[in-house]
1. Compute the angle between helix 382-397 and the longest alpha-carbon principal axis of the chain, please, reported from 0 to 90 degrees and rounded to the nearest 10.
2. To two decimal places, what compactness ratio does the chain give when its Cα radius of gyration is scaled by 2.2 N^0.38 Å?
3. Among DSSP beta bridges whose residues both lie in the chain, state the antiparallel percentage, nearest 5.
4. If you line up the long axis of helix 183-194 against the longest principal axis of the chain, both from Cα atoms, how many degrees apart are they, to the nearest 10?
5. Students often forget the sequence filter, so: which lysines lie under 27 Å Cα-Cα from K80 once same-chain residues fewer than 8 apart are removed?
6. Cα axis of helix 290-310 to longest principal axis of the chain: angle in degrees, 0 to 90, nearest 10?
7. Excluding T269 itself, calculate the net charge of residues whose Cβ lies under 12 Å from the Cβ of T269, where each Lys or Arg counts +1 and each Asp or Glu counts -1.
8. Residue by residue through the stretch 262-270, what is 3J(HN,Hα) from phi via Karplus (6.51 cos²θ - 1.76 cosθ + 1.60, θ = phi - 60°)? Round to whole Hz and write x for glycine and proline.
Amino acid sequence: MHLLAERLGRVSPSQTIAISTKARALKAAGRDIISLSAGEPDFDTPANVKQAAIRAIEAGDTKYTDVAGTLALRKAVAAKFLRDSGIEYAPDEILVSTGGKQVIYNAMVATLDAGDEVIIPSPCWVSYPDIVALADGTPVIVPCGQNNGFKLRPEDLEAAITPRTKWFMLNSPCNPTGAAYSAAELRALCDVLLRHPDVWVFTDDIYEKLTYGGFVPATVVQVEPRLRGRTITMNGCSKAYAMTGWRIGFCGGPASLIRAMDKLQSQSTSNTSSISQAAAVEALNGPQGFIPEMVAVYQGRRDLVVEMLNAAPGIVCHRPEGAFYVFPSVHGCIGKTSRGGAAIADDESFVVALLDEEGVAAVHGSAFMYPGHFRVSYATSTEALREACTRIQRFCQGLR
Ligand SMILES: Cc1ncc(COP(=O)(O)O)c(C=O)c1O
């Protein structure tokens, strides 16, 4: 008899493991490795947030809370949605989970039956297709071209919808491309969704605070309140407040679905850490001055990286609106051979040779369901980025 469930076989082992294992091994062997593969801010959690957590420990806020989160935090989340997006959620329409990832997991496991389809524009965050598959659903991957800024066009959404479509998942700003949808672009997608009343919408807005050059972020329910009854608006503290380790994600949505997700969470993890929740109240309600300072640094890095990568022969890098990633194409490098003798057959052999020969670790596009590209995270110091991009230029100049 097999030990492992059949469901686990549907989940692919992390595509990024091979490259990060190799990067670690090279580093251990004394090589100078620059990693551009981080999925988290390189900033520290703001001091006022840390202090709130310390106070919570000292005050004895160290016990179980409501599964859905403390009332104080759910009120702070509701205030955040109202302040930033003009969306009103009552506390019973809010769920706090162990990171944004658990919000996605809860929503999918609570709603999907075998054969239900989930539309996922690609390039996409690696976890979406796997979570859908774990929940017995079928991911329907819809590629979005670099020539459209890696954004889904309304006609592509329309064409992907079938009678089995249960969810449309949208991530703006996007990991791995940094692409963010304006209100007008969302409007066009909402018009399609209004024609399909059985399709639910999951919007992952976790990078909302990280947009540049005056770009104004927007979210689906804000643009089209008629979709409120079938939309989960997800957000969290991980990226906006440099709090990835605290594990705070949250969402607003219709009370009936929130109750179902709460029920599922009550039989898996229960509440997320009471101490992290106290810290999140301070993050959301306290001074927000940390965010524009962080955003200014990221914007400078984005511009540096885009410019330097576009100067590398064979690479084309678009300038995205947000997050802390760029997703350049390597089509102009494919079919060539590196100075070290590696055949560059695809995006994966490109990143492996780049790591071997120049000590720069990045993630190949196939890991995000979009070959021919690679993801660069600029959540690392400006000096390291400048050196890494210089090495990428040298690597590309050496291709024959
Ligand atoms: C697009 C996207 N959604 C969700 C998450 C998960 O965030 P959390 O750490 O809050 O679970 C990430 C983290 O990398 C992400 O990139």
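1. 50
2. Dividing the Cα radius of gyration by 2.2 N^0.38 Å gives 0.99.
3. Rounded to the nearest five, the antiparallel share is 45 percent.
4. 60
5. K50, K63, K101, K151, K209, K239, K263
6. Taking the Cα atoms of the chain, the angle to 290-310 is about 30 degrees.
7. Taking every other residue near T269 into account, the sum is +1.
8. Couplings: 4, 4, 4, 5, 5, 9, 10, 9, 6 Hz.
Only the coordinates and a few stated rules stand behind these numbers; no lab work does. The shown structure was predicted, so the numbers you read here are calculated from the model rather than taken from an experiment. So basically every Cβ, Gly included, is an ideal-geometry build from the backbone, and we count neighbours across all protein chains shown.
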